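The values are calculated or read from the model by the stated rules, or taken from the named source; none is laboratory data. Bear in mind that the values here come from a model prediction, so they are computed numbers and not experimental data. All Cβ positions, even for glycine, are placed from backbone atoms using ideal geometry, and neighbour counts span all protein chains on display.
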Amino acid sequence: MNYQSTKNRNCMVKPSETILRGISEEGGLFVPESVPFLEQSEIKNLCSMEYCQKANYILQKFLTDFSEEEISNCTQKAYIGHFEKDIPAPITKMGNNTYILELWHGPTCAFKDMALQILPHFLVTAEKKSDKKQKAVILTATSGDTGKAALDGFCDVDGTKIIVFYPENGVSKIQKLQMQTQEGDNISVFGIRGNFDDTQTAVKRIFTNEAIRKQLAEKGLHFSSANSINVGRLLPQIIYYISAYTDLLANGEIEEKEGINISVPTGNFGNILAAYYARKMGIPIKKLICASNANRVLTDFFESGIYDRNREFYMTESPSMDILISSNLERLLFDLSDKDDALIQKWMASLQKEGKYQVPSNIKEKMDALFYAGYCTDEETEEMIHYLFEKYSYLCDPHTAVAIKVYDDYRKNTGDTAKTIIASTASPYKFPSTVLKAIKGFSTDDEFAAAKKLEQCSNLKMPQSLRDLMKKEVRFSGSFSKEEIENLVKDCIGGEN
Ligand SMILES: *Cc1c(COP(=O)(O)O)cnc(C)c1O
């Protein structure tokens, strides 16, 4: 199976090459040429498998130029020894019909680990297959959790180098500390004065900068991305939705073929897009619930069919969702428009120029059938964290709380009581002062003091990796403007031989 670009459907690329490139030359995103379908019998077979086995089974359908052995080598390296109890995606039941899919038991305590622990191994495997024998330079813009998860995944992986940019005032204190203290000889980390969209736009421009690419190639290097535009990020995220569905089936929580909903706290649209692909693969998902914070550009888009980023940007208590340009939406629109690459080009050009575009009614109708979208303010987020703690003694991070609140609204508005999976995307200990404020009503700027208080009043322990942060040395503390990004990248690769 090949992958094609959303901006040029005739550009067909092998799976390994897709992972190496990250993004297509003309700026399009790669998508599978056809999405493999799981028969009912296959879904049943998956029920008795461990996470790694499920991952192997699903990835073989997408990475058709990887051998079985190569794939299982990747999944072993990623999912054994890095996640609590070697269970990467456990489910907690909450009330009658709601299931929290906890995707934050990995090394950096956010769901990004699910994909970024395996992406480096995909890349190294793909490099070996390529006759160019180039080494990858990973260039990443982060809204907080991607950066740390990518740094952890790529740290000292042979044949890779990683450069991370983050908006210096757009990430939480713990997220910043996680990145600034990262160990490893193959990494660079830069704080940028600006928001995530500025940072992401500047980084994307470097990918398509011919001069820099040439300079890289001369040194035997090539760019790739750890952002969710890389197919190697998308595929591992499909796995946990299928895993969750088959876990519920195996435990008798749902019947065969029973339809469920999935609610996802959404920023760059990567996580919810993976759920959309799981649905295309045959998992009976009724509604995909797209939950946003006060940066409600997606809520408005699903309501009106108009994507308009010309609006105020808010810094919220769910910072990993503070995004006004949701890159992966392009993949959904390519699919819903029956792969109309010219249309995608037109819309994305308009997004770049005027900051907006509008989809026609036939596409809007398809969106309505598949998705429900809603948003939630910081105040409502805190109320939900408070409620969950009082009612279920459950500590919930702000991003997950957004998904639960929007699901709550969905159920009230529609009366739909179908079983629902909530994608829980971060450990509450990644945002301890917000969580403490929500449940106890008082706040502190000292994240570690807040974490200690949370431990005293709950059954959940702070993850060791976050505890260790207190003692670590800060290695990267500079502050840069977005205009400097290009030169910083040149400096980083300049020293490379
Ligand atoms: C990245 C992130 C999100 C948003 O996920 P997208 O795939 O960008 O939509 C939500 N919550 C947390 C904690 C994250 O790190």
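Things worth noting here:
- One residue stands out in the stretch 122-149 among those that are assigned to a loop (DSSP other than H, G, I, E, B) and away from the ligand (no atom under 16 Å from the Cβ): the one that is surrounded by the fewest Cβ atoms within 10 Å (Cβ to Cβ), namely Asp131.
- Taken as a whole, the stretch 220-227 holds no residue that is buried (at least 24 other Cβ atoms within 10 Å of the Cβ), polar (S, T, N, Q), at pLDDT 95 or above and in contact with a strand residue (DSSP E or B) (Cβ under 8 Å, 6 or more places away or on another chain).
- Residue satisfying all of: in the stretch 244-292; among the hydrophobic types (A, V, I, L, M, F, W, C) and assigned to a loop (DSSP other than H, G, I, E, B); nearest to the ligand (Cβ to nearest atom) among these: Phe269
- When the stretch 443-469 is filtered for residues that are farther than 18 Å from Ser172 by Cα and of a type in the set (A, V, I, L, M, F, W, C), the ones remaining, listed by number, are Cys457, Leu460.
- Residues satisfying the criterion are absent from the stretch 59-82 (criterion: modelled with pLDDT under 95, of a type in the set (S, T, N, Q) and surrounded by fewer than 22 Cβ atoms within 10 Å (Cβ to Cβ)).
- Complete set of residues in the stretch 430-444 that are assigned to a helix (DSSP H, G or I) and either more than 18 Å from Glu390 (Cα to Cα) or within 11 Å of the ligand (Cβ to nearest atom) (or both): Lys430
- Condition check for Asn251: surrounded by fewer than 19 Cβ atoms within 10 Å (Cβ to Cβ), closer than 29 Å to Met49 by Cβ and among the polar types (S, T, N, Q): yes
- So Tyr410, is it part of a loop (DSSP other than H, G, I, E, B), closer than 28 Å to Leu249 by Cβ and in contact (Cβ under 8 Å) with a residue 12 or more places away in the chain: no
- For the stretch 357-379, the set of residues classified as touching a Phe, Trp or Tyr at 6+ places or on another chain (Cβ under 9 Å), crowded, with 17+ Cβ neighbours inside 10 Å and outside any helix (DSSP H, G or I) consists of Tyr357, Val359, Phe371, Tyr372, Ala373, Gly374, listed by residue number.
- Going through (1) at pLDDT 95 or above; (2) surrounded by 22 or more Cβ atoms within 10 Å (Cβ to Cβ); (3) within 16 Å of the ligand (Cβ to nearest atom); (4) not in a strand (DSSP E or B) one by one, His105 falls short only on (2).
- Listed conditions (1) free of Cβ contacts under 8 Å to residues at least 40 places away in the same chain; (2) over 30 Å from Ser427 (Cβ atoms) are all met by Tyr57, apart from (2).
- Residue within the stretch 222-241 that is assigned to a loop (DSSP other than H, G, I, E, B) and in contact with a Cys (Cβ under 8 Å, 6 or more places away or on another chain) present: no
- When the stretch 323-368 is filtered for residues that are among the hydroxyl-bearing types (Ser, Thr, Tyr) and modelled with pLDDT of 95 or more, the ones remaining, listed by number, are Ser337, Ser350, Tyr357, Ser361.
- Sole residue being part of a loop (DSSP other than H, G, I, E, B), of a type in the set (Ser, Thr, Tyr) and either free of Cβ contacts under 8 Å to residues at least 24 places away in the same chain or closer than 19 Å to Asn271 by Cα (or both), chosen from Ser24, Ser34: Ser24
- Selected residue (criterion: surrounded by the most Cβ atoms within 10 Å (Cβ to Cβ)) from residues of the stretch 150-175 that are of a type in the set (S, T, N, Q) and in a loop (DSSP other than H, G, I, E, B): Ser172
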